[in-house]
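Contents: one structure, followed by commentary.
The values are calculated or read from the model by the stated rules, or taken from the named source; none is laboratory data. These numbers come from a predicted model, not from an experiment. Here Cβ is always computed from backbone atoms with ideal geometry, including for glycine, and neighbour counts include all displayed protein chains. Only protein heavy atoms, including side chains, enter the accessible area calculation; ligands, DNA and RNA are left aside. Shrake-Rupley method; radii C 1.70, N 1.55, O 1.52, S 1.80 Å.
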Amino acid sequence: EHHQEIQKIYKWPAAPDHWSKHKNARNLRQAMTGSWFIEGKHFQEWQEAPHSFLWLHGIPGAGKTILCSTIIEELSRHSRSDPFLAMAFFYFDFNNKDTLPDDVLRSLIVQLSAQCVSTPHALESLFSMNEQGGVRRDPRQEDLMSTLKTIVMSFQVVYIVFDALDECPERSRFLKLLREVHDWKLDALHLLATSRKEGDISKALSGLVSHDISMNKSPVDRDIQVYVSRRLDIEFSMCSTEEKEMVQSTLMKDAHGMFRLVKCQLDALANCQSSAALEAALMHLPKTLYETYDRILEAINEVNRPDALRLLIWLAFSIRTLSIEEAVDVIATDPDAKKGPLFDHRRRLWDPQGMLYICSSLVTITSQEETNKEGSIGEIRLAHFSVREYLISEHLHTSTLSYYHFDEKIAHVSIAKTCLAYLLQFDQHNGVNSNTARSYPLSHYAADNWLDHAGWDQASDWDDLHGLIMRLLEPMSAVYINWMWLYCQSKPREYHGMNPLYITAEKGLEQACQWLLEKGLDVNAPGGYYGTPLQAAALQGHDVIVQLLLEKGADVNA
């Protein structure tokens with residue numbers, strides 16, 4: 001029973017997965033790379049100096065995440081052999097846009113607690129403080145910070161590593177929190193962060209950093225040379241020694257410290273089927289990352305263009321990382337079909353790996369073993385942060401490939417429309433149950449997130465989106481009841497019993513709210529977390545909707 005209670009405490013903070021991203025990065029590393037940093041004086045000094053903070057920055061595609069995994073492995077090796085030394089880490093990822101600073105704190109607390117000889121009293125206190133009547137609430141940030149500090153102080157040495165600060169979705173808030181952690185002035189605490197050298201990050205870390213290290217191209221190029229040699233040995237076995245030397249020389253000449261560029265070039269060269277083809281490809285290699293991405297889009301078959309665009313939009317702006325099964329159903333759903341928005345199971349890919357065929361090096365697939373997530377064969381994501389930047393760039397917008405360009409508003413509305421089209425298939429009463437997600441993997445993402453995507457209501461095709469919203473929110477219709485059932489599966493009890501007017505008021509969907517009021521829905525109907533539509537709109541800051549509700553007789557005292 002005591003063991004079960006301890007397990008409950010460790011699981012309770014609901015810390016995000018920190019391991020799968022590290023495992024994936026570690027597996028991509030080539031042996032002997034990163035030694036220039038691990039064996040260098042700056043890394044050694046940082047480990048030994050009290051209250052130290054090392055910032056490692058570099059250009060996009062320089063291999064910062066792979067190097068970070070090497071650093072983490074080295075520090076983990078030390079911590080395993082010393083009970084008074086601990087380390088924790090967190091990889092920020094642009095694919096996970098719902099990561100909050102509190103999530104990072106939870107992860108660090110759980111990781112460091114697991115390295116204590118026994119369950120830290122501070123963690124037990126945090127658990128007790130936030131449990132009332134068998135119901136556990138989310139801890140306050142100040143309580144998380146206090147708990148983390150206490151646990152850090154229980155060790156003689158603690159290393160904490162953050163990768164990709166520039167990909168943190170709540171960057172300004174987290175940088176402020178990082179300064180607070182630094183201001184603890186604990187000699188035992190050593191912080192290390194990687195990122196691009198961007199203005200706000202430089203400003204936020206000013207005065208904190210004791211070791212400011214740039215990943216200049218000379219040591220990185222040496223790592224790239226090792227990487228190229230290994231791939232040539234493994235994947236280009238049919239080539240002669242002279243051809244391999246020609247490939248290596250050509251790639252290294254224009255690498256300029258950019259791992260990502262060289263990787264994409266090698267991926268393209270691997271498709272060559274003859275010496276002549278290899279020589280021709282080497283003569284016409286793109287010189288920049290964006291030119292490389294241009295080539296990948298140009299190679300997409302015209303038949304696959306709509307599927308590629310829809311998938312890239314989702315991978316760039318979905319709220320969380322998609323499972324492979326979810327992505328398959330994204331492709332199988334056409335919100336703009338001539339016969340009306342629909343999900344067509346016949347459009348499901350026979351082989352999910354076909355998404356790699358469609359989008360090539362722009363995307364990457366990780367297996368279930370790499371993600372440690374049950375019930376899925378793996379995840380799909382954009383291969384690199386630079387891919388997302390490219391897709392919304394002016395470079396793509398003004399090129400002959402502008403078909404693939406989109407901005408954030410267009411992307412969110414497109415995703416919302418796909419979610420709604422997917423949900424509209426559940427048009428029979430009692431059409432969903434606890435097994436629905438097995439047959440329709442996108443159902444929970446669509447149910448949980450269409451409202452947030454639809455909040456981008458200033459887009460040019462709002463009228464199309466509004467039509468889909470009206471069909472879903474038709475009061476007491478089968479599609480509405482089925483959506484509410486799916487939506488409430490992941491929500492606290494307070495969210496149950498919401499009516500369509502409450503939902504549109506809380507989420508700020510002005511036109512949908514106006515339509516529902518015109519249909520005569522009760523403006524004071526109780527339900528939902530905030531109690532009434534007026535309370536929800538007011539507390540969420542939707543002033544236009546507040547005015548609409550008041551004009552229709554909403555009771556301010558309800």
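Observations
- Sequence of W456, W314 from largest to smallest accessible area, 1.4 Å probe: W456, W314
- Once the Cα-Cα distance is subtracted from the 0.36 nm per residue extended length, the N271 to L539 segment shows a gain of 90.8 nm.
- Relative to the current alpha-carbon distance between K41 and Q511, full extension at 0.36 nm per residue lengthens the span by 163.1 nm.
- Under the Debye formula (equal points on every Cα, no solvent term), log10 I(q)/I(0) of the range 462-541 at q = 0.14 Å⁻¹: -0.43
- Heavy atoms of D334: accessible area, 1.4 Å probe, square angstrom to 10: 40 Å²
- Charge dipole (the range 103-241, unit charges on Cβ, about Cα centre) - positive-most of S195, F162, V209: V209
- Taking every Cα-Cα distance in the range 398-439 and sorting them into 10 Å bins from zero, the calculated P(r) comes out as 21, 33, 23, 16, 6 percent.
- Value of D in µm² per second that Stokes-Einstein yields for the chain, Kirkwood Rh from Cα pairs, at 10 °C (1.306 mPa s): 61 µm²/s
- Converting phi to 3J(HN,Hα) with the Karplus coefficients 6.51, -1.76 and 1.60 and the offset θ = phi - 60°, the range 82-91 yields 9, x, 9, 10, 9, 8, 9, 8, 8, 9 Hz in sequence order, with x at every glycine or proline.
- Tensor-based shape of the range 287-340 (alpha-carbon gyration tensor, a/c under 1.5 rounded, otherwise prolate or oblate): oblate
- Remark on A88: its backbone amide H falls under 5 Å from those of Y159, I160, V161, a criterion applied only to residues 5 or more positions apart or on other chains, H modelled at 1.01 Å from N.
- Value of D in µm² per second that Stokes-Einstein yields for the range 254-384, Kirkwood Rh from Cα pairs, at 10 °C (1.306 mPa s): 97 µm²/s
- Stretching K197 away from S439 to a fully extended chain increases their span by 82.6 nm, per 0.36 nm per residue minus the current alpha-carbon distance.
- Anisotropy class of the range 307-419 from Cα gyration tensor, a/c 1.5 cut: oblate
- Nearest-10 value in Å² for the accessible area of D82, using the 1.4 Å probe: 60 Å²
- Counting only protein chain heavy atoms and rolling a 1.4 Å probe, the accessible areas of Y227, Y293 rank, largest first, as Y227, Y293.
- The phi torsions of the range 434-448, fed into the Karplus equation with coefficients 6.51, -1.76 and 1.60 and a -60° offset, translate into couplings of 5, 9, 4, 4, 5, 8, 10, x, 7, 4, 6, 4, 4, 5, 7 Hz, rounded to whole numbers, with Gly and Pro shown as x.
- Computed with a 1.4 Å probe over protein heavy atoms only, the accessible area of K263 comes to about 70 Å².
- Shape call, the range 63-168: gyration tensor on alpha carbons, a/c limit 1.5: oblate
- Model label points for Q141 and D344, set 7 angstrom from Cα along the Cα-to-Cβ axis, are 4.7 nm apart.
- Between the amide H of D212 and those of W55, distances stay under 5 Å, these residues lying 5 or more places away or on another chain, with hydrogens modeled in the peptide plane.
- Annotation note: GluC sites (Glu not before Pro) in the range 167-198 located in DSSP loop regions with a Cβ neighbour count of at most 14 within 10 Å are E198.
- Accessible area expressed per residue, the chain, with surrounding protein chains retained (probe 1.4 Å, Å²): 47 Å²
- For the chain, with all protein chains in place and a probe radius of 1.4 Å, 50% of the accessible heavy-atom surface sits on carbon or sulfur.
- Short-range pairs are left out: with C-alpha atoms under 8 Å and at least six residues apart, the relative contact order of the chain is 12 percent.
- Exposure rank, largest accessible area first [H412, H78, H121; 1.4 Å]: H121, H78, H412
- Under the Karplus curve 6.51 cos²θ - 1.76 cosθ + 1.60, θ = phi - 60°, whole-Hz ³J(HN,Hα) for the range 449-456, x wherever Gly or Pro sits: 10, 4, 5, 5, 5, 5, x, 7
- Pairs beyond 32 Å (Cα-Cα), from K23/K244; K185/K263; K263/K339: K185/K263; K263/K339
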